[in-house]
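As structure tokens, the structure follows; a few thoughts come after it.
Derivation of every value follows stated rules applied to the coordinates shown; laboratory data play no part. If you're wondering where the values come from, they're calculated on a predicted model, not measured in any experiment. Reconstructed Cβ throughout: ideal geometry from the backbone, glycine too, with neighbour counts over all protein chains shown.
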Amino acid sequence: MKKTFNIYCDESCHIENDHKNFMLLGCVSSAYNQVKRHTVRIKNIKEKHNFYGEIKWSNVSSSQYHFYKELLEYFFDTDLCYRAIIVNKSKIKNNEFNQDYDTFYYKMYYYLLNHNKNSLYSYNVYLDIKDTLSAYKVNKLKEILNTKFGIFRNVQNIRSHESIMLQIADLITGALAYNLNDKEKKVKAKTDLISLLEKHSANGLSENSDYRDTKLNLFLSN
């Protein structure tokens, strides 16, 4: 039986004209047979901190800092992995490649998900539902991803409240986007969490990771 991994994807500042300098596509991956275990343990952390809402970067506040800190510490203590593509929007040159923004968007997802994949394994990909075009995007993405190896068994949309793994992707992607796009950072709880991420990153949060890094792998496009 093939080993299978689940990949949970989230986006931040991905709209073409949202006045943010950097666009991020991020994903958290877990071995399929470990997803239930991670979900239960994270639910236990939520109960410990009396946290009953959805895990989201936008919800981080001083009153919930210790909860979110423990979540990130859990991430770094386990076999969960994270990867992000970071795009400086000012350097996107669609005209030179005779493509539109949507085509560029799918290319970035291809680079995000095809990195360091094992052709002997299979992968399930879950994306947060963002808009009414989500179903089309998923079908197109699956077609593009399976051009080479056919290892992406399932690509589908889910709602963020349905998956704690997707919520962890939101948390880390949101932190990275905040670090790059919000120069006047005023929320201490958020800057402290970013410092925690930096401590675990070999090359910082605004530099390319080593290709072999799997825990927190960042790739700056362009």
Among L72, Y8, N33 - extreme Cα towards positive end, dipole of the chain, charges at beta-carbon = N33
ask   = Build a GNM of the chain with springs between Cα atoms under 10 Å: which of V28, V40, V125 gets the top mean-square fluctuation?
value = V40
task = Apply the membrane-span-like helix rule to the chain: whole DSSP H runs, Cα extent along the own long axis of at least 24 Å, mean Kyte-Doolittle hydropathy at least 1.0. List the helices found.
result = 164-181
ask   = Pairs K56/K185; K20/K117; K89/K183; K43/K185: which are spaced more than 24 Å apart, C-alpha to C-alpha?
value = K20/K117; K43/K185
key: Modelled FRET efficiency - R0 22 Å, N98 with N146, Cβ distances, 0.05 increments   = 0.35
query = About the Cα centre of the chain, what is the dipole size in debye to 20, counting +1 per Lys and Arg Cβ and -1 per Asp and Glu Cβ, all else neutral?
reply = 480 debye
query = region 139-183: which chymotrypsin sites (Phe, Trp or Tyr not before Pro) are DSSP loop and have at most 15 other beta-carbon atoms within 10 angstrom?
reply = F149
key: Cβ crowding within 10 Å averaged over residues, with 180-187, 103-110, 166-173, 202-209 ranked highest first   = 166-173, 103-110, 202-209, 180-187
request  = Provide the three semi-axes, in whole Å and in decreasing order, of the ellipsoid equivalent to the chain as defined by the square roots of 5 times the Cα gyration tensor eigenvalues.
outcome  = 26, 22, 16
query = Can you give the relative contact order of the chain as a percent, counting alpha carbon pairs under 8 Å and 6+ residues apart?
reply = 32 percent
inquiry  = Using only the alpha-carbon atoms of region 92-162 as identical scatterers, what base-10 log of I(q)/I(0) does the Debye formula give at q = 0.17, 0.24 Å⁻¹?
reply    = -0.69, -1.13
message = Show me, for region 86-94, the HN-Hα J-couplings you get by feeding each phi into the Karplus relation (A = 6.51, B = -1.76, C = 1.60, θ = phi - 60°), rounded to Hz, glycine and proline as x.
response = 10, 10, 7, 4, 5, 9, 6, 10, 4
query = How big is the C-alpha Rg of region 78-132 next to the rule-of-thumb value 2.2 N^0.38 Å, as a ratio?
reply = 1.41
request  = Determine the calculated [θ] at 222 nm for the chain from helices alone, applying -39500 (n - 2.57) to every DSSP H run no shorter than 4 residues and normalising by the residue count; nearest 500 deg cm²/dmol.
outcome  = -12000 deg cm²/dmol
message = Counting other C-beta atoms within 10 Å, and keeping those with at most 14, which DSSP coil chymotrypsin sites (Phe, Trp or Tyr not before Pro) do you find in region 1-73?
response = Y52
